[in-house]
Amino acid sequence: MQADDQQPERKTIDERHRMSDQERLRHSCAHVMATAILRLWPEAQFAAGPAVDTGFYYDLDLAHRISPEDFPRIEEEMKKEIKANHVFERKVVTREQAMADALSGRLGGLSERPGNVSKFKVGNLEAIPEGEPITYYQNGDFVDLCAGPHVMRTGNIGAFKLTSVASAYYKGDEKNPQLQRIYGTAFKNKTEMEAYFTMLEEAKRRDHRKIGAEMGLYAIDTEYVGPGLPLWLPKGGAMVEALENLAKETEFAAGYVRVRTPHLAKEVMYKTSGHLPYYAESMFPPLEVKESADAPAAERYFLKAMNCPHHHRIFAAEPRSYRDLPLRMAEYGTCYRYEQSGELFGLMRVRSLNMNDAHIYCTPEQFADEFNAVNEMYLKYFKIFGIEKYVMRFSTHDPAKLGQKFVNEPELWKQTEDMVQRVLDESNINYVKVPNEAAFYGPKIDVQVESAIGREFTLATNQVDFAVPKRFGLTYRDRDNTEKTPLCIHRAPLGTHERFIGFLIEHYAGNFPLWLAPEQVRVLTLNEDPALLAYAKPIVSELRSHMVRAEGDFTTNPIKAKIADAEKARVHTMLVIGGRDMEAGVVSVRLHGKGNVGAKPKAEVVADILAAISERRA
Ligand SMILES: [Zn+2]
Ligand SMILES: [Zn+2]
């Protein structure tokens, strides 16, 4: 049994209203599961049973340790409850009534259970704020203290499955009793559920940690380097280079300039940016440096958690005029974030991040064009990577929280949010508006993409910043000779190398397109006849002279074994060469996972490879 102490906070009424159909269905299924468990073990005491990302769970206290072997029995009982098609009946009760029912064991039970108080429901009841209605939901005999919402009837649950058991503390507090947490999932119908489990299987097969190890892309050396600090092995390094080349070419063409900055800076930098103290938890502790033995105090330096402050100081390094704007400053900057060790996960959650970062400093008049160009860049990248489904989540501020969660600049909030909204509307971009989730200093757009198997990833963030440039005193001299503060757009379409390559591994299942494949071409000879080698080796050299990642396998192994090796390494293109190919001046081309695609003249093959790479063909 795995410990699992994630306990969502009690939902507000507002959040309950926003629960999706699927969440209602899944939460309702938690009630059905409780009903079934009580049929088998009437003494069970239930605590909380919310919907979660992957389905639902219900925490319970029971002397019998439920294991997956019990699942079929529980599922049988659940089927009966669904077949009975009971209504989920809502009832408003007084606090006194609820307390009396909890004490009689009725809540989270099929009947009164004298001597077996609904102990967790007492606690849940006490957590309901004064003035909030106290409601029951009843399906058949099962009565639960619950604020809902639910589906209409148990029969609305089209398909479900119990998935795992974990342990959890009541209300997530380890001073509280330890409970059993039974997880399950539910869907509208069987087809949807089957698709979900197929997707899970596929995701397991495509797990970036598994494929990353098989292909030798990266390593995490917790002993000498540290957890969450990936090392890029040569093949992963090749992918990093390929992505950086893409970013550099794209940004150069779009008028960006490149800068480079150190990985650390003095404390005053992050106090000015506001990272300290608000973001201190996500930063590594400071390094103390005493410049000389008699210096009065040590200077504190912090590893950078973001590149922006350094870029702001580059903006400040020279006097700026409106003629210099827009200034688009790009850097693949390395940042360090202190993630809890329990949160670290392969390449997806790490402590060192190489970010496809840039900051665009512009005037309010230039904003729409600049913002639009950034969005266009995202779309261009999606096309290259065959990302067909994406959504941009446009997060705005809540005027009620100005001065607390959001910088107190009501006018600027309105202006920038209107500007962003206009650009999104005019460019026909697929977006949803999310209130109350903006960054402290301006509205933001999170770009969520779907991988080839339908898993969602938040890849990149695009933010408007009208506050921090002011804190850094950044100004430009405008046409009217006055000093003005520029707007700043933060953008990182390719996210971080870590997360993006993790995503790409899963998206392509490791079968990368030629331009991105760590090993692009391998030349394989049928035997080691010197004349054949003299024909084959220069092909490798020629490809390498054009920066193609080509290797040769000229060993004495049988050709079948050589091909099997190359397939296993997911080499994109194999050039298989025998005596007859040599006599005809051709090479036989074999593509990974596709097999032999025929022989072609040597020069033509090389030209094809170079064209496919430079066009970044899918
Ligand atoms: Zn409920
Ligand atoms: Zn930034």
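The values are calculated or read from the model by the stated rules, or taken from the named source; none is laboratory data. The structure displayed is predicted, hence computed values, not measured ones. Cβ sites come from the backbone with ideal geometry, for glycine too, and all protein chains shown count toward neighbours.
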Any hit, the stretch 151-168, residues being among the aromatic types (F, W, Y), more than 26 Å from the chain's Cα centre (by Cα) and over 12 Å from M33 (Cβ atoms): no
Residue among R351, R393, R422 that alone is more than 24 Å from E331 (Cβ to Cβ) and either without any contact (Cβ under 8 Å) to a residue 40 or more places away in the chain or under 24 Å from the mean Cα position of the chain (by Cα) (or both): R393
Residue within the stretch 499-507 that is under 22 Å from V407 (Cα atoms), charged (D, E, K, R) and away from ligand 2 (no atom under 16 Å from the Cβ) present: no
Check on N375, closer than 22 Å to N462 by Cα and more than 13 Å from ligand 2 (Cβ to nearest atom): yes
Residues that are aliphatic (A, V, I, L, M), part of a helix (DSSP H, G or I) and modelled with pLDDT of 95 or more, drawn from the stretch 164-196: M193
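Give the stretch 221-242 a look and list any residue that's free of Cβ contacts under 8 Å to residues at least 12 places away in the same chain and part of a helix (DSSP H, G or I), or say none. Walk me through how you get there before you give the answer.
Filtering the stretch 221-242 for residues free of Cβ contacts under 8 Å to residues at least 12 places away in the same chain gives 221-225, 237, 241.
Those that are free of Cβ contacts under 8 Å to residues at least 12 places away in the same chain and part of a helix (DSSP H, G or I): G237, E241.
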Some residue of the stretch 144-163 being part of a helix (DSSP H, G or I), surrounded by 16 or more Cβ atoms within 10 Å (Cβ to Cβ) and in contact with a helix residue (DSSP H, G or I) (Cβ under 6 Å, 6 or more places away or on another chain): yes
Every residue from the stretch 191-201 that is over 14 Å from Q22 (Cα atoms) and without any contact (Cβ under 8 Å) to a residue 60 or more places away in the chain: T191, E194, A195, F197, T198, L200, E201
Output for the stretch 309-325, where each listed residue is within 16 Å of ligand 2 (Cβ to nearest atom) and touching a residue at least 60 places away in the same chain (Cβ under 8 Å): P309, H312, R313, F315, A316
Helices (runs of 4 or more DSSP H) wholly inside the stretch 1-95 that include at least 1 residues being modelled with pLDDT of 95 or more and within 20 Å of R106 (Cα to Cα): 21-40, 71-84
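Which ones in the stretch 81-124 are at positive phi and touching a residue at least 24 places away in the same chain (Cβ under 8 Å)?
N85, G108
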Any strands (runs of 3 or more DSSP E) falling wholly within the stretch 523-607 and containing at least 1 residues that are of a type in the set (V, I, T): 573-577, 586-591, 595-601
Every residue from the stretch 387-416 that is within 23 Å of I429 (Cα to Cα) and exposed (fewer than 12 other Cβ atoms within 10 Å of the Cβ): E388
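Let's see how each residue does on (1) farther than 17 Å from H31 by Cβ; (2) within 16 Å of ligand 2 (Cβ to nearest atom); (3) not β-branched (V, I, T):
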{"position": "F88", "(1), (2), (3)": "no, no, yes"}
{"position": "E96", "(1), (2), (3)": "yes, no, yes"}
{"position": "G108", "(1), (2), (3)": "no, no, yes"}
{"position": "P129", "(1), (2), (3)": "yes, no, yes"}
{"position": "T135", "(1), (2), (3)": "no, no, no"}
{"position": "G158", "(1), (2), (3)": "no, no, yes"}
{"position": "V165", "(1), (2), (3)": "yes, no, no"}
{"position": "A168", "(1), (2), (3)": "yes, no, yes"}
Qualifying position, being touching a Phe, Trp or Tyr at 6+ places or on another chain (Cβ under 8 Å) and of a type in the set (V, I, T), among T261, T250: T250
Number of the condition not met by S111 [criteria: (1) part of a loop (DSSP other than H, G, I, E, B); (2) farther than 15 Å from A36 by Cα]: (2)
Flag if I559 is crowded, with 19+ Cβ neighbours inside 10 Å and touching a Leu at 6+ places or on another chain (Cβ under 9 Å): no
Pairs with Cβ under 6 Å, 6+ apart, first in the stretch 54-68 and more than 12 Å from A44 (Cβ to Cβ) and assigned by TED's automatic domain parsing to the domain that holds M33, second modelled with pLDDT of 95 or more and of a type in the set (A, V, I, L, M, F, W, C): F56/C29; F56/A30
Residue in the stretch 439-496 that is surrounded by the most Cβ atoms within 10 Å (Cβ to Cβ), counting only those that are acidic (D, E) and under 29 Å from S352 (Cβ atoms): D465
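Residues checked against (1) outside any loop (DSSP other than H, G, I, E, B); (2) outside the structural domain of R393 (by TED's automatic domain parsing); (3) closer than 27 Å to R18 by Cα; (4) within 16 Å of ligand 2 (Cβ to nearest atom):
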site	(1), (2), (3), (4)
K414	yes, no, yes, no
D418	yes, no, yes, no
D425	yes, no, yes, no
V449	yes, no, yes, no
A460	yes, no, yes, yes
G473	no, no, no, no
Members of the stretch 373-412 that are over 30 Å from F252 (Cβ atoms) and in a helix (DSSP H, G or I): P399, A400, K401, P410, E411, L412
Residue under evaluation T272, criteria (1) touching a helix residue (DSSP H, G or I) at 6+ places or on another chain (Cβ under 9 Å); (2) part of a loop (DSSP other than H, G, I, E, B); (3) surrounded by 13 or more Cβ atoms within 10 Å (Cβ to Cβ), criterion not met: (2)
